[in-house]
Each structure stands twice: as C-alpha cells, then as structure tokens.
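First up is the structure itself, then whatever we jot down about it.
The values are calculated or read from the model by the stated rules, or taken from the named source; none is laboratory data. Computed from a prediction, not measured in an experiment: that's the story for all the values here. Virtual Cβ from ideal backbone geometry, glycine too; neighbours counted across all protein chains shown. The protein model used for the area step is the full one, side chains on, heavy atoms only, and it has no ligands, DNA or RNA in it. Shrake-Rupley method; radii C 1.70, N 1.55, O 1.52, S 1.80 Å.
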Amino acid sequence: MKILEIKDLCKSFGKTDVLKGVSFSMEQGEVLSILGSSGSGKTTLLRCINFLEKADKGEILVEGETIFSGENSDKISASEIRKAQLNFGMVFQSFNLFPQYSALENVTLAPLLHAKKSPDYKQNKKKIKEEIIAEGKEILARVGLLDKLNNYPCELSGGQQQRVSIARALALKPKILFFDEPTSALDPELTGEILKVIKDLAKQNITMVIVTHEIGFAKNVSDKIIFMDNGVIAEEGTPQEVIDNPKNERTKAFLNLVTQKE
Amino acid sequence: MSIFITVTLSLLEGLLTTFKIFGLTLLMALPLGLIISFGSMSRFAVVKWPIKTLIWIIRGTPLMLQLIVFGFGPGLIGINGMDTFVAVMIAFVLNYACYFSEIFRGGIESIPKGQYEAGAVLGLTKTQVFFKIILKQVIKRIVPPMSNEFLTLVKDTSLANTIMIYEITWNAKRFMNSEHILWPLFYSGVFYLAFCGVLTLIFGYIEKKLDYYKG
C-alpha cells in the first residue's frame, strides 16, 4: 500500500495559482526530493500536505485513508486536523525552535503534552515522563547532540539547531518526515552536517520528502525526484532519469543553471 | 519633632491605601488586559471594533476624568450608595487593562509565525501553543514596557485623592489645610520614590532571570 498519495492538489493565493493540480505517491521507506526554482510551488505543496495551508482542491491519503479532501475541507474539525498532522513531521528552513526551552525540552515538549491524554497518565505520570525524557535523549544522541541536551537554541550553531528540530520532529514518530529547504539558512560547512543526518535517517528506512536546492545531495540520497515548475510537476522519476537525463526543457534549463553555479 | 512623627504616621497610613489600589489594580487589570488584547485581535468585527473603541476612549481621556465619572456619575443618574473605593477600582482596572492590552497585543504580534506553525505541526492545540510556547516569549518581550506601566501606576494612585480616597497625597494635602505647612507634600514624594525604587529592583531581577535565552 502507498504510504502517501497526493491527488490533484490545487491552491491559489488570491488570483495567483500556486499549485495547479499536483499528484504523486510514495512507498514506505522511500526518500523523495522535490526540486524546482523559487516560486514553483514546492514549499506551498509541503505546507498544504502539513495543513499549514488549506488546499482548495484535491486529496491527501495516508496508507489508503483520506485525511484531506478539498470537497469537504470546511467540515474538518480542528481536532481532526491535529490528528492528521501527527502522521507527518516537519522540519522548517528557519528551524523554528522554541527559544525558551533547552534542546531536550524542545524535543520532549509535544510528547509530554500528548501523553496527558493517555488514560493511564494519572497513575503512571512519573514513569511516562521518565520514558519520554529518556527517549528524547536517545533521539538527540542519534543526531549527535547528546552533549547539548541542556543548551538553549541561542547557544547552538545553525547546524545544531536544525538537528534539534529534526529530533523534535522525530520524537512524535511521524510516518513521513518533511524537510522544507533544511539547509538554505546554513553555510556550506554546516549544510554538510545536516545532509549527513538526513542520509543516516534514509538508512534507517524513514520515509522522507525533501524540498531542496542541493542537487548533488538529492541525487545521492533520493529514490525518486520530482521537478516542479510553475505549480505543476514537470518531470518525475529516479535521480538518474531526472538529474542525469532530463527530458523536460525547464528541467534542463534549471539544472544547467544550478550546476553552472556549483 | 512631634509634627514630623504625626505626618510620617499619617503618610504611612495613606501608603497602605496606595498599596491596596496598586495591588488590586494589577491583580484584576493584568488578566482583563489579556482578554481585551484577544478581543482587539479578534477576527470578528462585532468583537474587535467595540473593544477598539473602548481602548480609544479609555486611552484618549484623562484618568482623573474617568475617576470623576465613576466616582460621581452613578449618583447623578440616581444610583446612590456605591462605595467610592469601588469606583476608584473600576476606573483604575479599566484604564490599566486597556493600556496593558496594547502591550500584550504588541508582544503577541511580535512573535514570529513560525513559532505557531512549529507548534501546529507537532499536533498541539491552539491553547497549548499559546500557553506553552507563545506566552513565555511574550512575557520576556513585554517586561520593559510593563515596568513603565507599573511605575506610572504607583504615581497614578495619587489621582484617587480627587474623589476623596485617603491615600498618601490626600493625607499630605490635609496638613496644608490643618497646619498650614507644605513640606508633607514634598515629603510624600519620598514614599513614592522608595516604592518605585523597590519595583525597579524587582523588574531588574525579572529581566535578569529571563536573560537565559535570546529570541
């Protein structure tokens, strides 16, 4: 079964059509990279899937179950949206860490709040909290930050902050992890450490969607590449197909431009 | 010497009333201010515009006039027996809640959208996002303007003397009439100064406490 299916997603802001019918699907454990120039709709696509924007039309299915349908999008309640959001994890370009919390607190905040809803929370409060904190430490260790547990975001480098934000997303065990240009706010040196973390996650069979401008990295880590242009998918396929032998003129032009710069 | 002691005791007695106005105003105006700030940011015009109008009227007229309206207004329209102190509290709470609400609004609106979005993608409710993520950052940002308002409130309590509340300034003025001396009024300044000094120290401490993070 497909873990994620997107069908004919459309979104306009006022008179500007940003997504003009985007469809794609993913298998469990797949890594999908979305390429395209600025304004092609990549970020809007991610934001619509994560319910940060409401798509005007189209459907989103997770493991065959419809979690969003443009036809009755007004009827979805806030709690249904929250439940659907928990299928996904999101890593932002600008990290969006909570500045008043330490690295560990950033990671454990949401799990601790969600745990309050479980029926045995009152009896096993202490045990549940300890488990969540132990798990948070373990996740931060996975992204190489075991020695920064108690540091605040302002005390961390950009790369370390982004690793905390990856850990924060992982802590809720999402089915799919989305990255919105995770390295665009970082210098080349720090970019490397984030790309390494994402590569490690790919090895652990975590399903990921990555919006990126790092062509070389996308080619290296992805099972599938989508090239977006002007609100539609211009080309999709394996990295060999899309990056090495692009057929679409826009893809060719974009890759030429980017590789020239590199 | 005995007159100095009499004046000091009288001013200390007035100070208690000053404390009472100060404390009760904060206790009620801070939460009310937060509610008014939500109202002024409401998506619904029927909520937003009446609240905005209220803020405009309260901030656009002198507090002394508001004290007189609430102090003597009820009697004019036939409602007698309202305690003067209650009138003072209504005027102070309403006035300060409106000023606080604008500080809260400024603080809340200064928090980047990304903080709300990060909370949303973690499946948190709007209430959880506000109280667990946004509010603490707002508090840090509004400490300096809040300290201004607190100090202004200390001194504004003296306005209560216009509707016969026996706070420090009233008690000091009393000696002008009874003893024909002016210095108790100057002396009353020392009490305000000391009170504000303590508050300044407390706010300095809070700012330092919140200094462990940036942003």
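Going through region A:23-43 one residue at a time, which ones are under 19 Å from residue A:11 (Cβ atoms) and either open to solvent by 40 Å² or more (accessible area, probe 1.4 Å) or of a type in the set (D, E, K, R) (or both)?
Result: A:23, A:38, A:39, A:42, A:43.
Listed here are the residues, each with its yes/no results for (1) part of a helix (DSSP H, G or I); (2) farther than 30 Å from residue A:133 by Cα.
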| residue | (1), (2) |
| --- | --- |
| A:167 | yes, no |
| A:174 | no, no |
| A:179 | no, no |
| A:195 | yes, no |
| A:208 | no, no |
| A:253 | yes, yes |
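Would you mind finding the one in B:36, B:90, B:51, B:58 that is farther than 30 Å from residue A:93 by Cα, among the β-branched types (Val, Ile, Thr), in contact with a helix residue (DSSP H, G or I) (Cβ under 8 Å, 6 or more places away or on another chain) and touching a residue at least 60 places away in the same chain (Cβ under 8 Å)?
Working: B:90 fails: touching a residue at least 60 places away in the same chain (Cβ under 8 Å); B:51 fails: touching a residue at least 60 places away in the same chain (Cβ under 8 Å); B:58 fails: touching a residue at least 60 places away in the same chain (Cβ under 8 Å).
Of B:36, B:90, B:51, B:58, the one residue that is farther than 30 Å from residue A:93 by Cα, among the β-branched types (Val, Ile, Thr), in contact with a helix residue (DSSP H, G or I) (Cβ under 8 Å, 6 or more places away or on another chain) and touching a residue at least 60 places away in the same chain (Cβ under 8 Å) is B:36.
Filtering region A:77-94 down to residues that are under 14 Å from residue B:118 (Cα atoms) and either surrounded by fewer than 19 Cβ atoms within 10 Å (Cβ to Cβ) or charged (D, E, K, R) (or both), which residue is farthest from the other protein chains (Cβ to nearest Cβ)?
A:93
When residue B:3 is evaluated against the numbered criteria (1) modelled with pLDDT of 95 or more; (2) more than 22 Å from the chain's Cα centre (by Cα), which criterion, by number, is the only one it fails?
Going through (1) modelled with pLDDT of 95 or more; (2) more than 22 Å from the chain's Cα centre (by Cα) one by one, residue B:3 breaks only (1).
Only one residue in A:46, A:61, A:104, A:52 is crowded, with 17+ Cβ neighbours inside 10 Å, closer than 30 Å to residue A:186 by Cβ, without any contact (Cβ under 8 Å) to a residue 60 or more places away in the chain and more than 9 Å from chain B (Cβ to nearest Cβ). Which one?
That would be A:104, the only listed residue that is crowded, with 17+ Cβ neighbours inside 10 Å, closer than 30 Å to residue A:186 by Cβ, without any contact (Cβ under 8 Å) to a residue 60 or more places away in the chain and more than 9 Å from chain B (Cβ to nearest Cβ).
Of the residues in region B:177-215, how many are among the hydroxyl-bearing types (Ser, Thr, Tyr) and farther than 20 Å from residue B:157 by Cα? Working first, answer last.
Of the residues in region B:177-215, the ones among the hydroxyl-bearing types (Ser, Thr, Tyr) are B:178, B:187-188, B:192, B:200, B:205, B:212-213.
Restricting the remaining residues to those that are farther than 20 Å from residue B:157 by Cα gives B:178, B:205, B:212-213.
Result for region B:177-215: 4.
For residue B:180, which of the numbered conditions (1) at negative phi; (2) more than 14 Å from every other protein chain (Cβ to nearest Cβ) fails to hold?
Just one mismatch for residue B:180, condition (1).
This table checks each residue for (1) in contact with a strand residue (DSSP E or B) (Cβ under 8 Å, 6 or more places away or on another chain); (2) farther than 28 Å from residue B:111 by Cα; (3) modelled with pLDDT of 95 or more.
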position	(1), (2), (3)
A:14	no, no, no
A:43	yes, no, no
A:57	yes, yes, no
A:70	yes, yes, no
A:77	no, no, no
A:123	no, yes, no
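Quick check on residue A:199: is it over 17 Å from residue A:26 (Cα atoms) and over 15 Å from the mean Cα position of the chain (by Cα)?
no
Listed residues A:117, A:129, A:122; which is within 25 Å of residue B:213 (Cβ to Cβ), free of Cβ contacts under 8 Å to residues at least 40 places away in the same chain and surrounded by fewer than 17 Cβ atoms within 10 Å (Cβ to Cβ)?
Checking each option against the conditions leaves just A:129.
Of the residues A:230, A:256, A:220, A:245, only one is in contact (Cβ under 8 Å) with a residue 24 or more places away in the chain, surrounded by fewer than 20 Cβ atoms within 10 Å (Cβ to Cβ) and not aliphatic (A, V, I, L, M); which? Spell out the reasoning first.
Details: A:256 fails: in contact (Cβ under 8 Å) with a residue 24 or more places away in the chain; A:220 fails: in contact (Cβ under 8 Å) with a residue 24 or more places away in the chain; A:245 fails: in contact (Cβ under 8 Å) with a residue 24 or more places away in the chain.
So the residue among A:230, A:256, A:220, A:245 that is in contact (Cβ under 8 Å) with a residue 24 or more places away in the chain, surrounded by fewer than 20 Cβ atoms within 10 Å (Cβ to Cβ) and not aliphatic (A, V, I, L, M) is A:230.
Consider only pairs whose beta carbons are under 7 Å apart and that are at least six residues apart or on different chains; among these, list those whose first residue lies in region A:154-182 and is more than 16 Å from residue A:207 (Cβ to Cβ) and within 13 Å of another protein chain (Cβ to nearest Cβ) and whose second residue is among the small types (Gly, Ala, Ser) and not in a helix (DSSP H, G or I).
Hits for this filter: A:154/B:215.
Going by the structure shown, is residue A:127 more than 14 Å from chain B (Cβ to nearest Cβ) and over 22 Å from residue B:125 (Cα atoms)? Break it down into steps so the answer makes sense when it comes.
On the way: more than 14 Å from chain B (Cβ to nearest Cβ): yes; over 22 Å from residue B:125 (Cα atoms): yes.
Against the criterion (more than 14 Å from chain B (Cβ to nearest Cβ) and over 22 Å from residue B:125 (Cα atoms)), residue A:127 qualifies.
Quickly run through region B:83-124 and pick out the residues that are open to solvent by 40 Å² or more (accessible area, probe 1.4 Å) and within 14 Å of another protein chain (Cβ to nearest Cβ).
Residues satisfying the conditions are B:110, B:112, B:113, B:116.
Please verify whether region A:177-184 includes one or more residues that are acidic (Asp, Glu) and under 30 Å from residue A:241 (Cβ atoms).
yes
Going by the conditions given, is residue A:170 surrounded by 19 or more Cβ atoms within 10 Å (Cβ to Cβ), aliphatic (A, V, I, L, M), over 14 Å from residue A:108 (Cα atoms) and touching a strand residue (DSSP E or B) at 6+ places or on another chain (Cβ under 9 Å)?
no
Quick check on residue B:127: is it away from chain A (no Cβ under 14 Å), out of contact with any Gly (no Cβ under 9 Å at 6 or more places or on another chain) and surrounded by fewer than 18 Cβ atoms within 10 Å (Cβ to Cβ)? Before the answer, list the steps.
Details: away from chain A (no Cβ under 14 Å): no; out of contact with any Gly (no Cβ under 9 Å at 6 or more places or on another chain): yes; surrounded by fewer than 18 Cβ atoms within 10 Å (Cβ to Cβ): yes.
No: the conditions fail for residue B:127.
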